[in-house]
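The values are calculated or read from the model by the stated rules, or taken from the named source; none is laboratory data. Model, not experiment: these values are computed from the prediction. Heads up, the Cβs are rebuilt from the backbone with ideal geometry, glycines too, and the neighbour counts pull from every protein chain shown. The accessibility values were calculated without ligands, DNA or RNA, using every heavy atom of the protein model including side chains. Shrake-Rupley method; radii C 1.70, N 1.55, O 1.52, S 1.80 Å.
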Amino acid sequence: MAIIEPFFALLSESDLNLKKAVLESLNSIAHSMPKPLQLINPAFENALSDACKYKPELVKEIELGPFKYMVDEGLAMRTSAFSFIDTAMEYILEKVGINYIVDQILMGISKYYNKPMLIIF
Amino acid sequence: MNKVISLAPLSLFPYIDRLVDKFGECTTKFDKAINAKQEGERVKDCIRAFMRTIFALSKIEEINSMPKFKGFYDEKIVKNEKFKELYEQAASS
């Protein structure tokens, strides 16, 4: 089942779009052939936890004429991270432990009404 | 959360206090949004999902022996008319 290990390693890369693509791919793998997910390692767990975190430095102010909007560039990645956890839960729960899952849940319940919150609840 | 509740409900119990603290923050935020009439679809979806989670937790028999959750449920959900209505909608769906 070595095919999945490069995916796990790619989540540690810095590129946000790459991380999001990796998480979406892992989500698809979780749907269709979830068994390899049991190979997750501590490095992947750390990278996944990092992907779930709200990062204020990724929130940018966009000016559209007289209006200013705040755009969270990390939101799509967090949504993919929580989607993956939700999809893969029954296969990874024993491996990562309930404490890890609860930590991600607590991190994801934020002050904003967004998709990660919907996925968490 | 609903998945964790269905897969391993009793394993959540050591974390109930931390979770209830967060739930308390959520109800405060939702209450403000409802009272300020900021009931956009996204807020409503969040509140409905939250109520489904509370309902799923309340169905665990042993949860009533957790004073913090029971206190939260009685004070924040049952005693708040709007939340009680939303909770009952979630329970019946």
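Numbers at a glance
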{"quantity": "Mean projection area, nm², convex hull over Cα of the range A:20-62", "calculated": "4.0 nm²"}
{"quantity": "Solvent-accessible area buried by pairing A with B, both sides, nearest 100 square angstrom, 1.4 angstrom probe", "calculated": "2100 Å²"}
{"quantity": "For the range A:21-121: relative contact order, % (alpha-carbon pairs under 8 angstrom, 6 or more apart)", "calculated": "33 percent"}
{"quantity": "Derived scalar couplings ³J(HN,Hα) [the range A:40-55; Karplus, 6.51 cos²θ - 1.76 cosθ + 1.60; whole Hz; x for Gly, Pro]", "calculated": "4, 10, x, 4, 5, 4, 5, 5, 5, 4, 5, 5, 7, 6, 6, 10"}
{"quantity": "Kirkwood-based shape ratio for the range B:37-84, expressed as Rg/Rh from alpha carbons", "calculated": "1.04"}
{"quantity": "Kirkwood Rh (inverse of mean 1/r, distinct Cα pairs), the protein assembly as shown, angstrom", "calculated": "18.5 Å"}
{"quantity": "Over 21 Å [Cα-Cα, chain B], rounded percent", "calculated": "27 percent"}
{"quantity": "Rough spin-label spacing in nm, given labels placed 7 Å along Cα→Cβ, for A:Asp72 and B:Asn35", "calculated": "2.4 nm"}
{"quantity": "Solvent-accessible area per residue for the range A:1-100 (1.4 angstrom probe, square angstrom)", "calculated": "56 Å²"}
{"quantity": "Per residue accessible area in Å² of the range B:22-93, where ligands, DNA and RNA are left out and the probe is 1.4 Å", "calculated": "58 Å²"}
{"quantity": "Per-residue average of Cβ from other chains inside 10 Å of A:101-110", "calculated": "5"}
{"quantity": "Cα→Cβ-extended label distance, 7 Å offset, between A:Leu118 and A:Ala2, nm", "calculated": "4.1 nm"}
{"quantity": "Cα-projected label distance for A:Lys55 with A:Lys35, points at 7 Å along beta-carbon direction, nm", "calculated": "3.5 nm"}
{"quantity": "Loop-located GluC sites (Glu not before Pro) in the range B:1-55, at most 13 other Cβ atoms within 10 Å (DSSP)", "calculated": "B:Glu39"}
{"quantity": "Average projected area [Cα convex hull, chain A], square nanometres", "calculated": "7.9 nm²"}
{"quantity": "18 Å cut-off, amide nitrogen to a point 7 angstrom out along A:Glu94 Cα→Cβ, residues in the range B:5-28", "calculated": "B:5-12"}
{"quantity": "Percent accessible area from carbon and sulfur atoms, chain A, protein chains only, probe 1.4 Å", "calculated": "57 percent"}
